[in-house]
Amino acid sequence: MAKFKKKSNTSQDIPTAALPDIIFMLLFFFMVTTVLRESTIMVKQSIPKATQLRKLEQKKLVSYMYVGKPNDVNKFGAEPKIQANDAFIEIDGIIQFIEEEKGKLAENEKDQITISIKVDDETKMGIVADIQEKMRDVNARKLMYAASRRSEE
Amino acid sequence: MARSGRKLPEINSSSMADIAFLLLIFFLVTTTIATDKGLTLTLPPKADPNQPPPDITKNQRNIFKILVNSSDRILIEDEPVTDLTGLRNQVKEFVLNFGKVDEESMTLYNTLPASLKALAKQSDISSDNPTEAVISFKADRGTSYDIYIGILDELQGAYYEIYGDRVGLTADEFRALDRKKPDDMELYSKARDGFPMNISIAEPTKIGGN
C-alpha cells in the first residue's frame with residue numbers, strides 16, 4: 001500500500017481577503033444592469049407568454065404604453081385603461097403622446113419609433129385595436145406586443 | 001519623531017463584506033430585469049381616404065383564414081378548433097404547398113432544403129407559392145388578448161421555423177440574428193428571400209366587447 005502523507009506544511013485556510021472585492025464586483029454588475037423604473041405602473045400587468053420573442057434592437061427608439069385594469073378600481077373603474085408615462089390617457093390622447101415621443105428623436109429616426117405595448121392578458125382586443133388604429137394615423141407603424149418567454153415543450 | 005514607535009491605527013474592515021452583501025441583496029431584490037422582448041409587428045400604412053379600398057383579386061386557395069369570435073372560439077380554414085397545437089404545422093404546409101408549377105416557383109422550390117421540400121404537397125386547394133400565400137387573421141373586439149397573442153405567436157413561429165430551416169438555423173437562432181452585423185444580415189435576407197411574412201391582421205369585428 002502506498003503511504004499517504006497525512007499533513008502538509010501548507011496552510012489549510014482559504015484566504016478571504018478578496019471576498020469583499022468579489023462581492024463589490026457583483027454589486028457593481030447589478031447596479032449597472034439595473035434599470036430603475038421611470039414610472040409607477042398603475043394598471044394590472046400580467047404579460048402574456050409567447051415563444052417567438054424578439055429583442056428590441058434600438059432601445060432609444062422605444063416608447064411604452066401600458067394597458068390593463070387599473071389597480072385602483074374604486075377610483076378609476078374596472079375598465080381597461082391606457083397608461084403612458086405617469087398618467088392615464090384616453091384613446092384620443094394617443095396621437096398626442098406619440099407625437100411627443102417622436103419629438104424627442106432625431107429627424108431621421110422619427111419614422112422608426114417603436115411602440116411597445118404591455119397589455120395585461122385579461123384585456124379584450126378592442127382597446128388594442130384602437131391603439132393600433134391611432135398608431136397608423138400618426139405613421140408610427142412599428143409595434144411590439146410585450147410578452148414573456150414560455151418554454152417550448 | 002516619537003511616532004515611529006507607535007502602531008499604525010487600522011480601520012477594522014472585516015464587516016466590509018457584510019455591508020457589500022447588504023447592498024447586493026438590496027439591488028438583487030429591487031432589480032426588474034428589463035423585459036424588452038415581445039412579438040414584433042409592422043402595421044400597414046394608413047389607408048388613403050380618397051382612394052377606394054383595393055379589390056381583392058386573390059384566389060381563395062391562397063388565403064389561409066383564421067377567425068376568432070368574442071367568446072374566444074377559433075375557426076381555422078372553416079374548421080372549429082379547440083386548441084392551437086396543430087396550427088403551426090398547418091401554416092407551414094399551407095405556405096410551402098407550391099400548388100402552381102411554373103418557372104418562378106420551381107426556382108424557389110429548388111433552393112429549399114430537403115426538410116422543407118418534404119412539406120410541399122402540391123395540392124390544388126392550397127397556396128400557389130410562398131409569395132402568394134397569405135395568412136388572414138381576424139379577431140373580434142371582444143377576443144381575449146391572450147388568445148390573440150397565442151395565435152400570432154404560432155403564425156410567426158411557423159414562418160421563423162421556415163426561415164431558420166432555409167439557412168440551417170433553428171427558429172430561435174434565426175430570431176436572434178442581429179441585423180446590424182453584415183454576416184447576420186446576409187443570412188437574414190437569404191432566409192427571407194421569396195418568402196414574405198404575409199400575415200394579414202384584419203381590423204377586428206365589433207360584435208362583442210366595447
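Looking across B:28, B:43, one residue alone is facing chain A (nearest Cβ under 8 Å) and loosely packed, with under 14 Cβ neighbours inside 10 Å. It is B:28. Is there a residue being out of contact with any Pro (no Cβ under 8 Å at 6 or more places or on another chain), within 13 Å of chain B (Cβ to nearest Cβ), closer than 26 Å to residue B:157 by Cβ and in contact (Cβ under 8 Å) with a residue 12 or more places away in the chain anywhere in the stretch A:94-112? Scanning the stretch A:94-112 turns up at least one residue that is out of contact with any Pro (no Cβ under 8 Å at 6 or more places or on another chain), within 13 Å of chain B (Cβ to nearest Cβ), closer than 26 Å to residue B:157 by Cβ and in contact (Cβ under 8 Å) with a residue 12 or more places away in the chain.
For the stretch B:29-51, a residue qualifies if it is at pLDDT below 80 and within 31 Å of the chain's Cα centre (by Cα), and the qualifying residues are B:30, B:31, B:32, B:33, B:34, B:35, B:36, B:47, B:48, B:49. Within the stretch A:131-151, if we keep just the residues that are more than 17 Å from residue A:63 (Cα to Cα) and at the interface with chain B (Cβ under 9 Å from one of its Cβ atoms), the residue that is surrounded by the fewest Cβ atoms within 10 Å (Cβ to Cβ) turns out to be A:149.
Against the numbered list (1) surrounded by fewer than 19 Cβ atoms within 10 Å (Cβ to Cβ); (2) within 12 Å of another protein chain (Cβ to nearest Cβ); (3) closer than 20 Å to residue B:96 by Cα, residue B:189 comes up short only at (2).
If I filter the stretch B:110-119 for residues that are in contact with a Pro (Cβ under 8 Å, 6 or more places away or on another chain), more than 14 Å from every other protein chain (Cβ to nearest Cβ) and in contact (Cβ under 8 Å) with a residue 12 or more places away in the chain, do I get at least one hit? No, there is no match, as no residue in the stretch B:110-119 is in contact with a Pro (Cβ under 8 Å, 6 or more places away or on another chain), more than 14 Å from every other protein chain (Cβ to nearest Cβ) and in contact (Cβ under 8 Å) with a residue 12 or more places away in the chain.
Run down A:63, A:39, A:116, A:46 and say which single residue is hydroxyl-bearing (Ser, Thr, Tyr), under 21 Å from residue B:151 (Cα atoms) and more than 9 Å from every other protein chain (Cβ to nearest Cβ). Just a single option satisfies the conditions, and that option is A:46. Take the residues in the stretch B:157-166 that are without any contact (Cβ under 8 Å) to a residue 40 or more places away in the chain and buried (at least 21 other Cβ atoms within 10 Å of the Cβ), then tell me which one is nearest to the other protein chains (Cβ to nearest Cβ). By that ranking, first place goes to B:160. Here the stretch B:111-134 is the region considered, the condition is being of a type in the set (A, V, I, L, M, F, W, C) and assigned to a loop (DSSP other than H, G, I, E, B), and the residue that is modelled with the highest pLDDT is B:133.
Suppose we keep only residues that are of a type in the set (Ser, Thr, Tyr) and more than 9 Å from chain B (Cβ to nearest Cβ) within the stretch A:9-32. Which one would you say is nearest to residue B:24 (Cα to Cα)?
The extreme case among them is A:11.
Filtered by the rule that a residue be polar (S, T, N, Q), farther than 30 Å from residue A:68 by Cβ and crowded, with 19+ Cβ neighbours inside 10 Å, the stretch B:112-156 gives B:126, B:127, B:129. When you check residue B:169 against the structure, is it crowded, with 16+ Cβ neighbours inside 10 Å, more than 9 Å from chain A (Cβ to nearest Cβ), within 26 Å of residue A:47 (Cβ to Cβ) and touching a helix residue (DSSP H, G or I) at 6+ places or on another chain (Cβ under 8 Å), yes or no? It is false that residue B:169 is crowded, with 16+ Cβ neighbours inside 10 Å, more than 9 Å from chain A (Cβ to nearest Cβ), within 26 Å of residue A:47 (Cβ to Cβ) and touching a helix residue (DSSP H, G or I) at 6+ places or on another chain (Cβ under 8 Å).
The values are calculated or read from the model by the stated rules, or taken from the named source; none is laboratory data. Small disclaimer: the values here were computed from a predicted structure and weren't measured. Because the Cβ atoms are built from the backbone with ideal geometry, glycine has one as well, and the counts that use them run over all protein chains shown.
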